[in-house]
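A short write-up of the structure that comes next.
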Amino acid sequence: MRRAKDNFRVFVVQKRWWTTAACLCLAAAMFYVVNYPSAVGAAAATRQLPIYCVQRDQKLVSISFDAAWGNEDTQQLIDILDQFQVKATFFVVGEWVDKYPESVKALHDAGHEVMNHSNTHAHYPQLSSEEVVADLNACNDKIESVTGVRPTLVRLPYGDYDDSSVNAVRSIGMEPIQWDVDSLDWKDLEAPEIVKRVTGKVQPGSIVLFHNAALHTPEALPTILQTLLQEGYTFVPISQILLTGSCTIDHTGRQCPA
C-alpha cells in the first residue's frame, strides 16, 4: 500500500513537471512570435505562391476567363466587353486552341490577352518539373501560332499547385496567376448572385475569375461592369495590373512593392 502511494506521488510530481514545461515552451513560442514577427513571416514566405491579387492604390481591377471546354459564349463575351470598352485576359487550354482556333484569333483581334491555361488541363503537382515545362510550352506554341504572341502568364489548372510546379513555371519566365475574387459561375449560380459576389468582393488590385462557358455569366457580366465602372474602377488586362521592378508576394498571394 505504501509503495502504491509513493508511486502515485511520483506520478503527480512528473505530471506537474511536464505541465509546467509545456506551459514554459508555449510561453516562449508566443514571446518569439510577438517580438520577432519578421522572422516568423520570413519562414512562412518560403512557400512558393502564385499571384492572387496586386497591391494597388488606384482602383484597378482585372477580369479573367478560363476557357477549357465549351465555346458557345465566346463571341457574346467579346461583344459585351467591347460594349463597355473593357479588355480582359483569357486563359485558354491548348486542346481548346486546337478545337477553336478562330475563337482564339477573335479574342486576340478584339484586343484581349490570350494566356496559357495548360495544354491538357492536368494537375500540375502530379507532374515532374520537366513535364510541367513541356506542357506549358506546348500550349504556348499553339497560342503563338494563332496570335503571333507568346504567353507570359499561366493559370494553373484547377488552381492546383505546389512549390515544384510554381518554380517550373517561373523557370521559363512565366508568372502563375490565381484570383482573389471567384464568381463561382461554374456552379451555375443565378446572374444576380454572381453580380453580388463579384461587386461585393472587388477591391483595388483584384483579379476576378470567370469561365467562358458558364451558364449565367453573359447575363451577369454587363451589370458587373457597369457597377464597377460607376464605382470608379478601371479595367485592365492582368499583365497591366501586375507591378514591375522589384516586388514580393506576401503570404496571401498579394504582389507588393519590395
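The values are calculated or read from the model by the stated rules, or taken from the named source; none is laboratory data. All of these numbers come straight from a predicted model, not from anything done at the bench. As a convention, Cβ positions derive from the backbone with ideal geometry for all residues, glycine included, and neighbour counts pool all protein chains shown. Heavy atoms of the whole protein, side chains included, go into the accessibility calculation; ligands, DNA and RNA do not. Shrake-Rupley method; radii C 1.70, N 1.55, O 1.52, S 1.80 Å.
Details
- For Arg47 and Gln226, a Förster radius of 30 Å and the Cβ-Cβ distance give a FRET efficiency of 0.20, rounded to the nearest 0.05.
- Averaging Cα coordinates gives a centre for segment 74-123 and one for segment 186-237; these two points are 17 Å apart.
- Full-stretch length increase - Asn137, Tyr158 - with 0.36 nm per residue and alpha-carbon distance subtracted: 5.7 nm
- Per-pair calculated FRET efficiency, R0 = 30 Å: Thr244 and Ser129 via Cβ, rounded to 0.05: 0.70
- Rolling a 1.4 Å probe over the heavy atoms of the protein chains gives segment 106-239 an accessible area of 40 Å² per residue.
- Using the average count of surrounding beta-carbon atoms within 10 Å as a protection proxy, the listed peptides 65-72, 247-254 rank, highest first, as 65-72, 247-254.
- Cβ-Cβ distance of His251 and Gln85, R₀ of 30 Å, FRET efficiency by 1/(1 + (r/R0)^6): the value works out to about 0.25.
- Remark: segment 219-258 is approximated by an ellipsoid whose semi-axes, taken from the C-alpha gyration tensor as √(5λ), come to 28, 11, 9 Å, largest first.
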